[in-house]
Amino acid sequence: MSDGAGARRKRDPLPLRAEINVTSLVDVAFTLLVIFIITAPVLQGGVEVDLPQGQVGQVEVTEDLIIVTVQRDGSTYLGDTPVGDASEARGILSQMLAANPEQKMVYLKGDSAAMYGWMAAIVSAVVEHEGVGLSLIMEGEVER
C-alpha cells in the first residue's frame, strides 16, 4: 500500500494562482468604446450644414447663444428647433430679440449652397434691432 497512494499524499499541494480573468472586462470596455464612437457626433449638437470656408476665429459657446441655421433647401432652425422657412424664422427671431434686450450677438450658420435671399431675411431681422451684432459661422480654410 505504500507504493502509489502514500506518495500522492506526501506531495505538496498545488500552488494557488491568483489571476483575474479580464476577458469580460475587455468585452465591456470595447462595447463602451463603440457606443461612445457612435454617439459622439450626436452629442455635438446643432444642425449639420456644409459651411463655406474662410479665415475664422473661435466662437465662445454660452448658454444664451442664438444660432440660426439655414439649410440648402431653405429649412431654418433656431438652435435645434425647426421653424419652417427663413421668413418664419425672421419673425420668431425678431420676437426673441425684442423680448431679450440684453442679447448682443446672433450667429448665422448657413449652408454654402443655400440661396442668398434666405440668409438676407435673417440678416435683416438682426439689423432691425440696434446693438445686436451678427456673426457668420464658417469652417477654417484648409492649408495647402
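Being modelled with pLDDT of 80 or more and hydrophobic (A, V, I, L, M, F, W, C) is true for just one of Val42, Val47, Val56, Val68. Which residue is that?
Val68
Keeping to the range 100-126, report how many residues are farther than 15 Å from Leu78 by Cα and among the hydrophobic types (A, V, I, L, M, F, W, C).
Going through the range 100-126 one residue at a time, the tally reaches 4.
From the list Val106, Val123, which one is modelled with pLDDT of 80 or more, in contact with a helix residue (DSSP H, G or I) (Cβ under 8 Å, 6 or more places away or on another chain) and in the same structural domain as Val83 (by TED's automatic domain parsing)?
The match here is Val106.
Could you tell me which of the residues Gln103, Gln71 is more than 21 Å from Glu130 (Cα to Cα), out of contact with any Lys or Arg (no Cβ under 9 Å at 6 or more places or on another chain) and polar (S, T, N, Q)?
Gln71
The values are calculated or read from the model by the stated rules, or taken from the named source; none is laboratory data. Small disclaimer: the values here were computed from a predicted structure and weren't measured. With ideal geometry, Cβ positions are generated from the backbone for all residues, glycine too; neighbour counts draw on all protein chains shown.
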